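Working notes, structure below.
The values are calculated or read from the model by the stated rules, or taken from the named source; none is laboratory data. What you see is a predicted model; the values in this text were computed from it and never measured. Note that we place each Cβ from the backbone using ideal geometry, even for glycine, and neighbour counts take in every protein chain shown. Remember, those area values only see protein heavy atoms, side chains included, never the ligands or the DNA or RNA. Shrake-Rupley method; radii C 1.70, N 1.55, O 1.52, S 1.80 Å.
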Amino acid sequence: MISIVNRPFEVLSSSVGSSTDEVKLIFSFLLSFPLAAILKRIPDSRPGAKNLFIISVALFYLVGLFDLWDGVRTLFISAGGTYAIAKFLRTSSYMPWIGFAFVMGHMSLSHITRQIANSPSSVDITGAQMVLLMKLSAFCWNVADGQLPDDLLSDFQREHMLKELPSLLDYAGWVLFFPALFAGPSFDFTDYRRWLDTSMFDVSPQVDPAKKPPVRRKRRIPRSGGPAAWKAVSGLFWLILFITLSPSFSPEVLIADSFVEYNLPRRVWVMHMVSLTARFKFYAVWSLTEGSCILAGLGFNGVDAVTGKISWNRLRNIDPWAVETAQNPRGYLSGWNINTSNWLRNYVYLRVTPRGKKPGFRASLATFGTSALWHGFYPGYYLSFILATFIQTAAKHFRRHVRPFFLDPITGKPSPKKMYYDFVSYLITQLTFTFATGPFLILSFNGSILVWSRMYFYAIVWTFASLAFFASPGKVWLRKRLEKRQGRASAKLVRSVSTDSLTGKAEPILGISKDPEGDFDQVVQEIRAEVEARQRKHKES
C-alpha cells in the first residue's frame with residue numbers, strides 16, 4: 001500500500017528536484033484545506049465526531065502517507081505520559097516542571113536520533129514533536145494554574161487554566177489536530193475546547209447585531225473561506241519562490257569551493273539570497289498551515305465592535321513584512337516564529353520567576369537554554385543564538401545613544417534626517433542577520449566557521465567593534481552630546497517599535513534576551529551580594 005502511495009510522489013519529486021518526503025509534506029498541507037472544510041461542516045452538536053475525524057486524518061498522514069509507525073508511538077508516549085503526569089501529580093507544585101522535563105527529554109532523544117541519521121530532507125516525527133512539546137508543556141501549566149486561588153492568577157492564566165482534565169477523546173483530538181500536526185501552529189487546549197464547543201465564537205454584546213459575522217445554516221463558525229484562501233495563495237506564492245530560487249541559492253552553495261571565487265560584495269549578496277530563499281520555505285509552510293486552521297475556524301480571534309471586521313490572526317506564526325523590513329533585531333525577531341516566542345514568554349520566562357518578583361537573569365538564561373534545546377543539538381543553532389545575543393546588545397546601545405540624534409529634541413518626532421538613519425539601520429539589520437543565521441542553515445560547526453570565515457566575519461567585527469566603542473569613553477561622549485542637545489539630562493522619546501527596549505517589558509524573543517548587558521550586571525550584583533553576605537557571616541562567627 002505504501003509503495004502505491006509513494007509512486008506518484010516519487011515521480012513528482014524527480015521533476016521538481018525535491019525529496020519524496022518534502023513533496024508529501026506539501027501535499028499534506030494542501031490536502032488539509034479540503035479536509036478542514038469537511039471538518040468545519042461536521043455539526044457543532046457532534047464534537048465527538050469532530051475529534052474522531054481529526055484523529056483519523058492525522059493517523060492517515062502519519063501512517064498512510066509517511067509510514068511513521070514509530071512516530072505514532074513517539075507521539076503516544078509524549079502525550080500519554082504528559083496526561084498521566086498531569087492527572088496523578090495535579091496537586092504537586094512540581095508537576096509542570098516534571099512534565100516539561102519529560103517531554104523535553106523525550107524530544108531530545110528524537111533530535112539526537114535525527115542528527116545521527118543526518119538526513120535533513122526526510123520527514124520524521126521530530127517536527128511534530130517540537131510542536132507537541134509546546135502544547136504539552138503549556139497543558140501542564142494550565143492544569144497547575146487550575147489548582148491555584150483566583151487571586152494568584154494573571155489574566156492570561158485565568159483564561160487558559162484547566163480546573164479538570166479533559167476527556168481522552170478531546171485530548172487526543174487536540175494533540176493530533178491535523179492542520180497543525182507537522183509544522184504548527186501551536187495552541188493551548190483551552191483554545192481547542194472553545195473551538196470544539198463553539199464558545200470561541202461568542203460575540204460581545206457591544207457588537208452591533210447588524211455587524212455580527214455571517215455564518216452558514218446552523219454553524220456558529222463564521223465564514224472563513226476568504227481569509228483561508230488568501231493564506232493558501234500567499235503560501236503557494238512563497239512556495240513557488242522557494243522552488244524557483246533554491247537550486248541556485250541552497251545552503252550548499254556557501255560551502256562549495258566555487259564560492260571563494262566571488263568577490264566579497266557578491267559573496268554577501270549570495271549569502272543574503274540563500275538566507276532569503278530559506279525564509280521563503282518557512283513563509284510557505286506557516287502560511288499554508290495557518291490557512292487550513294483558519295478554514296476550520298480555529299484562527300478566529302474576535303470581532304471589531306466598531307467595524308464588525310473579523311480578526312483571524314489567533315494562530316499567526318509569521319509576519320514576512322515585519323521580518324523583511326525590520327530596522328532593528330527586535331523588530332526582525334518579533335515577526336519570526338511568533339507562536340514559539342509566545343510559548344517561551346508565557347510558559348518559560350514568566351514561570352521561572354518567583355511570584356512577586358521581576359524576571360531577571362535566571363529567567364533570561366532559562367528561556368535562552370529552552371529555546372536552544374527545543375531547536376536541537378546542531379552546533380550551528382548555538383552559534384546563531386549566541387551571536388544574536390551580542391547583536392541585540394549592540395543594537396540596544398544604538399537605539400539609546402544614537403537614534404535620539406535623529407529625533408526632534410522637543411517633540412520626540414522624527415527629524416528630516418531620520419529617513420537616512422532608518423535606511424542604514426535597515427541595511428545593517430538585514431546584512432547582520434544574513435550573517436548570523438548562516439550557521440542555522442549549515443548546522444555543522446566546521447561548516448559554519450568556514451562560511452563565516454569566507455565572509456571575513458564581517459558581522460562579528462562590526463558587532464564587537466560597536467560593543468567596544470560603547471564600553472569606552474565614546475559612550476560618555478555621546479551621552480554628553482545628547483544631553484547638551486536636549487538641554488536636559490535625558491532624551492524625550494516617543495514610544496515606537498524601535499524604542500520598546502527603553503520603556504517596554506524586558507521579555508526575550510525566541511529566547512534571546514532583550515537586555516543581555518543588564519542581565520550580566522544583575523549576575524555580577526548577585527555574586528557580589530552573596531560574597532559580601534558570606535564575609536559578614538564569617539566575621540560574625
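Which residues, taken from region 109-125, are buried (at least 17 other Cβ atoms within 10 Å of the Cβ) and touching a Ser or Thr at 6+ places or on another chain (Cβ under 7 Å)?
Listed by number, the residues that qualify are SER110, HIS111, ARG114, ILE125.
Is it the case that region 429-440 has a residue that's under 30 Å from GLN486 (Cα atoms) and either open to solvent by 70 Å² or more (accessible area, probe 1.4 Å) or small (Gly, Ala, Ser) (or both)?
Checking region 429-440: not a single residue is under 30 Å from GLN486 (Cα atoms) and either open to solvent by 70 Å² or more (accessible area, probe 1.4 Å) or small (Gly, Ala, Ser) (or both).
Go through region 400-414 and report how many residues are part of a helix (DSSP H, G or I), open to solvent by 10 Å² or more (accessible area, probe 1.4 Å) and out of contact with any strand residue (DSSP E or B) (no Cβ under 9 Å at 6 or more places or on another chain).
4
Note down all Cβ pairs under 8 Å where the first residue falls in region 164-177 and is hydrophobic (A, V, I, L, M, F, W, C), the second is at pLDDT below 95 and open to solvent by 30 Å² or more (accessible area, probe 1.4 Å), and they're at least six residues apart or on different chains.
LEU165/ARG90
With respect to ASN313, is the statement that it is at pLDDT 90 or above and either out of contact with any helix residue (DSSP H, G or I) (no Cβ under 8 Å at 6 or more places or on another chain) or farther than 20 Å from ALA388 by Cβ (or both) true?
yes
Applying the selection to region 372-399, what residues are open to solvent by 20 Å² or more (accessible area, probe 1.4 Å) and of a type in the set (A, V, I, L, M, F, W, C)?
Listed by number, the residues that qualify are LEU373, PHE377, LEU383, ILE386, PHE390, PHE398.
Grab the helices (runs of 4 or more DSSP H) fully contained in region 4-98, keeping just those with 2 or more residues being at pLDDT 95 or above, open to solvent by less than 40 Å² (accessible area, probe 1.4 Å) and over 21 Å from LEU133 (Cα atoms).
Ranges flagged: 20-41, 47-59.
Among VAL57, VAL63, which is in contact with a helix residue (DSSP H, G or I) (Cβ under 7 Å, 6 or more places away or on another chain) and over 23 Å from MET200 (Cβ atoms)?
Only one candidate qualifies: VAL63.
So ALA436 clears everything in (1) of a type outside the set (Phe, Trp, Tyr); (2) within 18 Å of the chain's Cα centre (by Cα); (3) at pLDDT below 95 except one condition, right? Which one?
Tallying (1) of a type outside the set (Phe, Trp, Tyr); (2) within 18 Å of the chain's Cα centre (by Cα); (3) at pLDDT below 95, ALA436 fails exactly one: (3).
Conditions tested, residue by residue: (1) of a type outside the set (S, T, N, Q); (2) assigned to a loop (DSSP other than H, G, I, E, B); (3) surrounded by fewer than 18 Cβ atoms within 10 Å (Cβ to Cβ).
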| site | (1), (2), (3) |
| --- | --- |
| TRP312 | yes, yes, no |
| ILE318 | yes, yes, no |
| ARG355 | yes, yes, yes |
| ARG362 | yes, no, yes |
| THR370 | no, no, no |
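What's the total number of residues in region 460-489 that are in contact (Cβ under 8 Å) with a residue 60 or more places away in the chain, small (Gly, Ala, Ser) and either under 15 Å from VAL402 (Cα atoms) or part of a helix (DSSP H, G or I) (or both)?
1
Please verify whether ALA366 is aliphatic (A, V, I, L, M) and at pLDDT below 90, treating the condition exactly as stated.
yes
What's the number of the only condition in (1) at pLDDT 95 or above; (2) under 24 Å from SER32 (Cα atoms) that GLY299 fails to meet?
If we test GLY299 against (1) at pLDDT 95 or above; (2) under 24 Å from SER32 (Cα atoms), just (1) comes out false.
Among PHE88, PHE182, PHE100, which is closer than 22 Å to ILE55 by Cα and among the aromatic types (Phe, Trp, Tyr)?
Answer to the selection: PHE182.
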